[in-house]
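Structure record follows, encoded as structure tokens.
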Amino acid sequence: MEKWLDPKTIALWLVIVLLIISLLAFSFIRLVRINFRRIVEERLKESRTQIEHQKQLLETGIIAQEQEKTRIAADLHDSLIGKLTVLRLKNQTAQNTEEIDSLLGESIAEARRISHDLTPPMPKFITLDELIENVLAPWKKQFTLTFRKSIYSEKNIPNDLKIQIVRVIQEIIINIHKHAEATNVFVHLRMSPTLLSITIKDNGKGFDVEKAKKGIGLKNIELRMLFIKGHHKIKTGNKGTTAILVLNHSKIESE
């Protein structure tokens, strides 16, 4: 009988083959488990990062609200109340009525601006472009401001969405006023059947994006855009800054 036909030899080879198969199966299972564990750990890490980011955005939103209240209080105290106090003194001393009338006009304009900052006027009864135009109007005293609109498709935009869009625009304009040293600002609203986009450009000195990301302003913008499920991009350089806000058609729905 051939040696390889010997039952002991066959049994030995069977054992060897079974051992190899078992080793391969064990190695494969171990590799799958390692990969599965790595994927789970990566997903957990991403989830923790997202949760931490959401937490930071929430904290930013709370801080931004408090800062906004402080800013409005300062506007009331330093600007409006100051003008009204001067007006009262001039009225008591019966000074030039033209000057008193001018101060009254300035006080009314200041009260209107603060009112617009707190709550945009009647968002339910005016279109988004009219709302943006009203909000931008007071800033024309600070720099040359151009508002252009390209409306190719009218959409019945929900009031909450209008307000959030306006808040983002206000945040960007305030940042330009505070930090950019710009003289010209251009705002372009574009509405098509598929997209709503807003572009805001200035001719200021630009800023360090990475450094600014740590501040409240950009985080507040990010928080609001996240809330309305929109996208935004900010490009900056020594020739100015451009902010682009985009919402797709599915987010621009009727109430």
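The set of residues in segment 194-207 being open to solvent by 80 Å² or more (accessible area, probe 1.4 Å) and more than 17 Å from residue 235 (Cα to Cα) consists of 194 alone. In segment 234-246, the residues that are of a type outside the set (Val, Ile, Thr) and open to solvent by 50 Å² or more (accessible area, probe 1.4 Å) form Cβ pairs under 6 Å with partners that are modelled with pLDDT of 85 or more and part of a strand (DSSP E or B), at six or more places apart or across chains, as follows: 235/242.
Residue 229 meets all of the listed conditions (1) more than 22 Å from residue 51 (Cα to Cα); (2) outside any helix (DSSP H, G or I); (3) open to solvent by 50 Å² or more (accessible area, probe 1.4 Å); (4) at pLDDT below 90 but one, namely (1). Note on segment 142-193: residues that are over 16 Å from residue 217 (Cα atoms) and exposed (fewer than 15 other Cβ atoms within 10 Å of the Cβ) total 17.
The values are calculated or read from the model by the stated rules, or taken from the named source; none is laboratory data. For clarity, every value in this text was computed on a predicted model and none was experimentally measured. We place every Cβ from the backbone using ideal geometry, glycine too, and count neighbours over all the protein chains shown. The protein model used for the area step is the full one, side chains on, heavy atoms only, and it has no ligands, DNA or RNA in it. Shrake-Rupley method; radii C 1.70, N 1.55, O 1.52, S 1.80 Å.
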